[in-house]
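What follows is one structure encoded as structure tokens, with my remarks underneath.
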Amino acid sequence: MTGFKEKKVFSSHALMAERVGLLWRDFQSEAEKDFLVSVPLSSTPLPLYSWVVENALTFENWEKFKFVLMDEQVEGERVFSYVSTTDKASYESFARKNFLDSLEEKTKIRFEVLKPDLQCLNEFDSLVQLKGGFDLLVLAIGAK
């Protein structure tokens, strides 16, 4: 992507999916490098996930898409660790079940999930900078 573009979309869930999906598609079509996306892992983005999967074949550059997991670090044996993907509370499993598996089936591409380690934030920051920064970061405020 050339230059930084900032778009703010304030909308209902129904309208959000298509508006954000179209922005996603436009940004991804311009990607000349890995395309880093982080999206909330909750019921909030489900309409967006559905829209993107439904329209996946109209997108370009799926081979450059990387899903960045920005949730789920919990205190455990190490200061922070990820919830096991076999746990019902796993956000990575949520993302796979509600988005990535369907997207992979549609595009026939296996998608990498980048998982930052909070013990090594400098390494993750370097990785993100090396890849040119986040291309799409979707934030949400839930009902609770």
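No lab work stands behind these numbers, since they all come straight from the coordinates. For clarity, every value in this text was computed on a predicted model and none was experimentally measured. No Cβ is skipped: glycine too gets one built from the backbone with ideal geometry, and neighbour counts run over all protein chains shown.
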Where labels lie 7 Å past Cα in the beta-carbon direction, separation of residue 138 and residue 115 in nm:
2.2 nm
Quick check: pseudo-label points 7 Å beyond the Cα along Cα→Cβ at residue 84 and residue 50, how many nm apart are they?
3.3 nm
Holding the Cα-Cα limit at 19 Å, pick out from 66/115; 66/131; 108/131 the pairs that are longer than that.
108/131
Would you calculate the separation in nanometres between label points at residue 60 and residue 124, each defined as 7 Å from the Cα along the Cα-to-beta-carbon direction?
3.1 nm
